[in-house]
Amino acid sequence: MFRSFIILFLALNFISCKEKKSDKTMLTDEVCQKYHEGTFEKYGPPFGSIKIVRSKDKQIESIGFNQLEVSFNIEWVDACSYKLKFDKLLANPKSLSVDKVLEAMEFDCTIIKSTMNTHTVLKHSSKYPDQKGTEEVWKIVD
């Protein structure tokens, strides 16, 4: 049952849908570039807070609820679009069996909206085409 819960978590937090061209035209490259690196946070039930630390080519997600820490490789396609691919599980203190689920994680992501210190991301995965949604991410100002 707990494995199903983890799969649901990953589906809810990582998978959404592809961009619409008209959404992206509202953003400039300069606006999107402020989200290329930094520390971010997203919230949502049932997992609460997820901390994201993004560098030029890595994204680390720390999930407070179950104490998982996951590394993704990040490749910027253009200023507002990037690809995330699972790299490795960095921390799993509760010994959850999620390795096979995580290994399949690959996403095409697009920043579609920006306001002050938040941005909204659409994600799409060809491996999970039925999962759709968006996530709002807050930049933590250092």
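Per-residue answers, yes or no, for (1) more than 10 Å from the chain's Cα centre (by Cα); (2) surrounded by fewer than 18 Cβ atoms within 10 Å (Cβ to Cβ); (3) free of Cβ contacts under 8 Å to residues at least 40 places away in the same chain:
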position	(1), (2), (3)
Val53	yes, yes, yes
Asp57	yes, yes, yes
Glu75	yes, yes, yes
Cys80	yes, no, no
Leu89	yes, yes, yes
Glu103	yes, yes, yes
Glu106	yes, yes, yes
Thr115	yes, yes, yes
Ile140	yes, yes, no
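Here Ser62 meets the list (1) in contact (Cβ under 8 Å) with a residue 60 or more places away in the chain; (2) touching a strand residue (DSSP E or B) at 6+ places or on another chain (Cβ under 9 Å); (3) under 20 Å from Pro45 (Cα atoms) almost entirely, failing just condition (1).
For the range 28-70, the set of residues classified as part of a strand (DSSP E or B), in contact with a helix residue (DSSP H, G or I) (Cβ under 9 Å, 6 or more places away or on another chain) and either over 20 Å from Phe107 (Cα atoms) or among the charged types (D, E, K, R) (or both) consists of Lys42, Glu61, listed by residue number. Taking the conditions (1) under 16 Å from the mean Cα position of the chain (by Cα); (2) more than 17 Å from Val101 (Cβ to Cβ) in turn, Glu61 satisfies each one other than (2). Within the range 87-116, the set of residues being under 23 Å from Trp76 (Cβ atoms) and either basic (Lys, Arg) or at pLDDT below 85 (or both) comprises Lys88, Leu102, Glu103, Ala104, Met105, Lys113, Met116. Just checking, does the range 118-134 include any residue being closer than 18 Å to Tyr35 by Cβ and without any contact (Cβ under 8 Å) to a residue 24 or more places away in the chain? Yes, the conditions are met somewhere in the range 118-134.
Selection of the range 100-142 for residues being among the charged types (D, E, K, R), in a loop (DSSP other than H, G, I, E, B) and under 17 Å from Asp87 (Cβ atoms) yields only Lys127.
The values are calculated or read from the model by the stated rules, or taken from the named source; none is laboratory data. Values in this document were obtained by computation on a predicted structure and should not be read as measured data. Positions of Cβ are generated from backbone atoms using ideal geometry, with glycine treated the same way; all protein chains shown enter the neighbour counts.
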